[in-house]
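A short write-up of the structure that comes next.
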Amino acid sequence: MTVSARNARNGSSFTFRNATNEAKLLLIGIPVLIWTLLPIYHLCLFAFSDKQSAFSGNWFPENPTIRNFEIVLGEKHYFLNHFWQQLWNSIFIAAMVGALTLVVATTAAFAISRLKVPGGRTVLNMALFTYFIPAAFLAVPMYRTMAFYGLLNTDWALILAMLAIASPYAIWVLKQASDKLPAELDEAAIMDGATPLQLFRLVYLPLMAPSLVAIGTYAVLLAWNEYLYAFLLLSKENTLTLPVALGNFLSADDSPWELLMTTGLIYALPPAAVYYAFRKYMVSGLTAGAVKS
Amino acid sequence: MSTVTLPAREGAAGATPGKTGLSSWQLWGMILVTPYLLVFALFVVYPVIYAFWLAHDPESYVELWTDPIFQRSVVNTLVFLFIGINLKMMVALLLSGFFMIQRWWIKALTVLFILPWAVPSIPTILSVRFMLNPEWGVINQTWFKLTFQDGPNWLNDPQLALFFAILVHIWKSLPFWTLIFLSGRLAISTDLYEAAQVDGASKVQRFRFITWPSMKQLYLTSLTLSTIWSLGDFNSVYLLTGGGPADLTHVLATLGIRYLRLAQVDLSMATIVSAMPLILPLVYFMMKRLSK
């Protein structure tokens with residue numbers, strides 16, 4: 001912005017200066033692009049190469065092939081015997097975390113922001129305290145706790161753990177969005193004799209819809225991407241989620257890396273797609289809080 | 001800012017004291033906040049209390065401190081945090097300035113730049129891991145083609161391996177913090193920059209006297225939060241090096257999990273509690289910021 005302003009002031013007579021300016025920008029832009037895409041490019045390179053050419057150290061695929069995808073999707077390798085089951089586990093867990101987070105966080109945010117429940121502010125601060133515990137540090141006692149509740153090796157261990165981790169941020173964002181709704185709405189509803197539940201269902205939920213989409217997406221992605229908790233809480237082959245199955249490839253000496261990368265690419269595509277589809281919501285929701293602090 | 005409406009709202013609620021519904025509103029408030037309180041109690045409060053209870057035996061600390069792997073992990077953690085976070089935050093702050101520049105291709109680059117943060121860690125970290133493979137990795141094969149000599153065994157050297165773990169960590173979280181700083185920069189009034197332009201302020205001066213003062217609080221908050229979160233970063237180290245070679249690249253996060261996998265739960269908890277002197281001041285700082 002400032003650069004373009006200066007260019008405009010200098011006029012077009014300084015074209016040489018303009019060119020050096022653009023070159024300087026490219027000098028930043030190109031390394032940033034390479035840095036960002038290199039691991040992802042390498043992932044795709046492997047996914048579309050057969051083993052021979054993947055291990056040959058070429059930067060470009062010699063004979064691009066989709067054979068790896070056939071092997072993965074057809075479960076034609078003993079590492080991949082449960083691919084569809086594990087994909088389903090990932091989908092189910094992510095969807096449940098998304099749905100439950102929405103229920104828990106929306107009701108809590110409504111109670112704190114609109115119903116002004118006593119101690120609401122304290123509840124919110126306590127909730128945010130969850131993020132002051134480093135993730136890997138909470139994971140250890142979480143593992144023991146889930147064992148104590150008898151939930152280890154079930155989908156619910158991971159769903160509930162991710163719910164506890166996703167909710168505080170969800171409540172915080174929803175509370176801020178909900179504080180912006182005009183107070184007159186509630187007053188009008190009270191005048192008309194609405195009960196709190198009617199206010200919630202008929203006024204609050206429709207108005208909050210955009211934020212709910214953002215938060216639902218956030219929770220789904222959080223659960224889908226999670227590795228550590230899934231790795232600790234699930235260990236039976238048919239309860240695993242995809243990332244844990246991917247991690248298990250590593251335990252073998254002669255891992256089929258090209259299949260590992262192919263599965264990894266299949267696993268990484270949905271979150272990337274969802275992210276781009278909801279980018280506008282996500283970025284504004286995410287950064288709304290940041291500027292305030 | 002959002003709290004400006006607060007007094008008015010309370011006034012409005014207080015204006016209808018005669019209504020019998022008032023107490024039912026609070027009752028409903030409590031009912032609706034209960035699901036979250038249950039989740040919080042069962043899956044955050046209970047595990048935390050349980051962790052401290054498990055870690056109460058002083059002997060496990062003695063055992064822990066005599067474990068050379070632990071001592072190495074503490075050093076590694078400090079190096080990881082100090083280099084990783086400062087480098088990441090400084091680059092994020094500068095890059096956010098770059099992304100402010102209006103060009104069609106910079107806009108397109110912003111969209112791609114988010115990818116590392118949007119995609120899950122495991123495929124990309126494993127991709128880096130294979131790139132660094134001494135025999136088959138694309139880096140060393142290119143190295144060989146250019147120099148006719150074998151390249152270094154990147155992940156077999158503890159210092160290099162830790163360095164790459166830091167790079168992976170930065171790769172993953174840089175987009176997030178850059179976005180945060182970008183939104184911070186967007187909140188600064190352009191009038192300030194225009195006035196500075198008129199006064200003939202240089203780029204450095206504009207940064208020093210306009211950008212930095214407006215961003216300082218955000219930068220400090222981000223630095224603190226990032227320190228806490230990076231302390232819990234298990235993936236970058238575990239998936240790249242697995243703590244190896246010879247357990248020399250563990251950080252506290254991976255070491256805690258390692259003890260857990262070895263069924264030494266008390267040591268695992270003690271590892272976590274050992275990080276408290278580092279975490280508590282940061283949490284105190286964040287609590288003070290939150291309560292403002």
Of the criteria (1) under 24 Å from A:Phe278 (Cβ atoms); (2) at pLDDT 95 or above; (3) more than 9 Å from every other protein chain (Cβ to nearest Cβ), which one B:Ala108 fails
(2)
Out of the residues in segment B:55-98 that are touching an Asp or Glu at 6+ places or on another chain (Cβ under 7 Å) and in a helix (DSSP H, G or I), which is nearest to B:Phe181 (Cα to Cα)?
B:Ile69
Checking B:Phe130 against (1) within 10 Å of another protein chain (Cβ to nearest Cβ); (2) touching a residue at least 24 places away in the same chain (Cβ under 8 Å), which single condition isn't satisfied?
(2)
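Conditions (1) touching a Ser or Thr at 6+ places or on another chain (Cβ under 6 Å); (2) modelled with pLDDT of 90 or more, marked per residue:
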{"position": "B:Gly137", "(1), (2)": "no, no"}
{"position": "B:Trp143", "(1), (2)": "no, no"}
{"position": "B:Leu155", "(1), (2)": "yes, no"}
{"position": "B:Leu174", "(1), (2)": "no, yes"}
{"position": "B:Leu182", "(1), (2)": "yes, yes"}
{"position": "B:Ala196", "(1), (2)": "no, no"}
Is it the case, given these coordinates, that A:Ala136 is in a helix (DSSP H, G or I), within 7 Å of another protein chain (Cβ to nearest Cβ) and closer than 12 Å to B:Val33 by Cα?
no
Helices (runs of 4 or more DSSP H) lying entirely in segment B:123-223 (those with 3 or more residues that are within 26 Å of B:Met89 (Cβ to Cβ)):
B:158-186, B:190-198, B:203-206
Which helices (runs of 4 or more DSSP H) sit wholly inside segment A:161-234 and have at least 3 residues that are in the same structural domain as A:Phe110 (by TED's automatic domain parsing) and under 21 Å from B:Tyr36 (Cβ atoms)?
A:205-225
Could you tell me which residue of segment A:106-119 is surrounded by the most Cβ atoms within 10 Å (Cβ to Cβ), considering only residues that are within 7 Å of chain B (Cβ to nearest Cβ) and modelled with pLDDT of 90 or more?
A:Ala108
Hey, B:Leu255 hits all of (1) under 30 Å from A:Leu250 (Cα atoms); (2) assigned to a helix (DSSP H, G or I); (3) free of Cβ contacts under 8 Å to residues at least 40 places away in the same chain but one; which does it fall short on?
(3)
When both residues are 6+ apart or on different chains and their Cβ atoms are under 8 Å apart, which pairs have a first residue that lies in segment B:185-205 and is touching a residue at least 40 places away in the same chain (Cβ under 8 Å), and a second that is among the polar types (S, T, N, Q)?
B:Arg185/B:Ser96; B:Arg185/B:Thr211
Can you find a residue that is small (Gly, Ala, Ser), more than 10 Å from chain B (Cβ to nearest Cβ) and over 30 Å from B:Arg258 (Cβ atoms) anywhere in segment A:230-251?
no
The number of residues in segment B:133-147 that are more than 7 Å from chain A (Cβ to nearest Cβ) and either crowded, with 20+ Cβ neighbours inside 10 Å or in contact (Cβ under 8 Å) with a residue 24 or more places away in the chain (or both) is 2
Just need a number here: residues in segment B:115-127 that are facing another protein chain (nearest Cβ under 7 Å), more than 16 Å from A:Phe55 (Cβ to Cβ) and surrounded by 21 or more Cβ atoms within 10 Å (Cβ to Cβ).
7
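The values are calculated or read from the model by the stated rules, or taken from the named source; none is laboratory data. Every value quoted in this text rests on a predicted model; they were computed, and no experiment measured them. So basically every Cβ, Gly included, is an ideal-geometry build from the backbone, and we count neighbours across all protein chains shown.
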